[in-house]
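The block underneath contains the structure these notes are about, expressed in structure tokens.
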Amino acid sequence: MVDNFSGLGTAPNLIKSLEERHIKKPTDIQCKIIPLLSSGESVIFTSATGTGKTFAYLLPILSGLLEAGSREQETGSEKPAEKKGGISPKLLIIGPTLELCTQIKAELDFLTDGTNISSSLVIGSVNIEHQIDSIYKTKPDIIIGNISRLLVLAKMGVLPVKSRLNFSNLKYLVLDEADRLVSGEMLDETNELCGIIHRDARKAGSGIVYAACSATINKKCREKLLNNCFDHQKKSDDIKFVESDDNEILYEKIEHWAIFSERRRKDQTLRSLLSALKNRKSKVKALIFTSRNDEALFTLSHLQHHKVSAAGLFGKVSKKPITGSARKEALDSFRAGSVSVLVSTDLAARGLDIPDITHVIALDVPEDKEVYIHRCGRTARAGKKGVMVTIGDETQMRLLSALEKKLKIKIYPKELRYGNISAPEPIED
């Protein structure tokens, strides 16, 4: 395996940016994906959370764009986007949530600082008229956006040409957290947007390099990606499927706990757990998951009422949407450490890289093992260790036991006694 980014053909200025973060050695998935995308291969890849999937696709694509930009400058050729008018990026990155898209944009800004590559964030929480004006003036090489807003801009063909997002100049299409993008609630919009992308690309006679990634991509998800997102003119045999060997995180870096609690006492148990964690650890940064928005709001209100430093990251509650700015404020305060607890639905389980989360606490048990994996992956990042705690009643403990067998992990039962966390006493015959 190549032990440096230079050996993978990464552009020197990108390597310099990586060194600012003391990133010198590529991960397993980066060693596998960078050469494929650099050579124009389309890939679907899966790797454990925290193993560098974002840089696995950004580094080769940005290196390619920088090289192409240098050739354009040498030849003095005009950019196709300027000839055609409208908004026509070279790279489109699609993510399922506003938070993930914003995070990817931040990574792009970090890597492209000092280069002539421009990028724009296209998300639904921003006024669309202001957004159109901004990206038309910028004419970005790269657009990162959530599926709904991208689709709106792509369908604006009846409006002035400057308003429509077209893909005649597109060279790369990335689907981050791809399994979520082709899940039930997003599949139709993803399918429609990809159809528009393929139509524009065919008219222009251009080929697209595809990359789709997530921590969990099963066979059914791969089929959906091939059938709905990748150009049907590409043969499925031409699409590489790559898995990483970095699977030790779930098993070796994360300790899994189970704490029994009756449903009506669950929030009290949560408070007792947070208090006990602070008693045994100087710094606790906890991400709390529940499946439903109303339950997340109730839990957040309960914690704040009892003077726990907490913020919330979830969507619509009682038909009242939570604004994008409110979600950003909550996430920023948790990242910065001004609050020690973030209560969220699975909105925050997808791809978000939040430093130094010590504990992930789930207040329910998902039937889908992929959801459990994504939740776990918010801790034990960048080589650190973490703890995944599930608080549940008898029914949920049975579900958790089934997940334990499916995932082949060891879940340790714990009890809260006198402000401490301990293993339950053995039952005597």
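What to note about this one:
- When the test is whether a residue is in a loop (DSSP other than H, G, I, E, B), more than 15 Å from residue 173 (Cα to Cα), at pLDDT below 95 and in the same structural domain as residue 200 (by TED's automatic domain parsing), residue 77 passes it.
- Flag for residue 405 being closer than 25 Å to residue 47 by Cβ and either assigned to a helix (DSSP H, G or I) or not assigned by TED's automatic domain parsing to the domain that holds residue 303 (or both): yes
- Every residue from region 379-403 that is surrounded by 16 or more Cβ atoms within 10 Å (Cβ to Cβ), of a type outside the set (A, V, I, L, M, F, W, C) and more than 10 Å from residue 259 (Cα to Cα): 379, 381, 386, 396
- Scanning region 379-395 finds one or more residues that are touching a Cys at 6+ places or on another chain (Cβ under 6 Å) and not hydroxyl-bearing (Ser, Thr, Tyr).
- Checked against the criterion of being farther than 24 Å from residue 313 by Cα, in a helix (DSSP H, G or I) and either modelled with pLDDT of 95 or more or in the same structural domain as residue 93 (by TED's automatic domain parsing) (or both), region 252-261 contains not a single residue that satisfies it.
- Check on residue 231, modelled with pLDDT under 90 and under 24 Å from residue 48 (Cα atoms): no
- Looking only at region 273-294, and only at residues there that are hydrophobic (A, V, I, L, M, F, W, C) and within 26 Å of the chain's Cα centre (by Cα), the one that is modelled with the lowest pLDDT: 284
Here's the yes/no breakdown for (1) out of contact with any Lys or Arg (no Cβ under 8 Å at 6 or more places or on another chain); (2) part of a loop (DSSP other than H, G, I, E, B); (3) at pLDDT 95 or above:
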{"residue": "354", "(1), (2), (3)": "no, yes, no"}
{"residue": "367", "(1), (2), (3)": "yes, yes, no"}
{"residue": "370", "(1), (2), (3)": "yes, no, no"}
{"residue": "375", "(1), (2), (3)": "yes, no, no"}
{"residue": "380", "(1), (2), (3)": "no, yes, no"}
{"residue": "412", "(1), (2), (3)": "yes, no, yes"}
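- Residue match in region 148-159 (condition: hydrophobic (A, V, I, L, M, F, W, C) and more than 22 Å from residue 121 (Cβ to Cβ)): yes
- Residues located in region 334-350, provided they are in contact with a strand residue (DSSP E or B) (Cβ under 6 Å, 6 or more places away or on another chain) and more than 18 Å from residue 292 (Cα to Cα): 334, 339
- Looking across region 171-228, just one residue is crowded, with 23+ Cβ neighbours inside 10 Å, small (Gly, Ala, Ser) and part of a helix (DSSP H, G or I), and that is 178.
- In a residue-by-residue description of region 145-158, the property of being in contact (Cβ under 8 Å) with a residue 60 or more places away in the chain and either surrounded by fewer than 16 Cβ atoms within 10 Å (Cβ to Cβ) or part of a helix (DSSP H, G or I) (or both) applies to at least one position.
- Checklist (1) modelled with pLDDT of 90 or more; (2) in contact with a strand residue (DSSP E or B) (Cβ under 6 Å, 6 or more places away or on another chain) applied to residue 194, failing item: (2)
- For region 141-153, the tally of residues that are within 26 Å of residue 327 (Cα to Cα) and more than 18 Å from the chain's Cα centre (by Cα) stands at 3.
The values are calculated or read from the model by the stated rules, or taken from the named source; none is laboratory data. Bear in mind that the values here come from a model prediction, so they are computed numbers and not experimental data. No Cβ is skipped: glycine too gets one built from the backbone with ideal geometry, and neighbour counts run over all protein chains shown.
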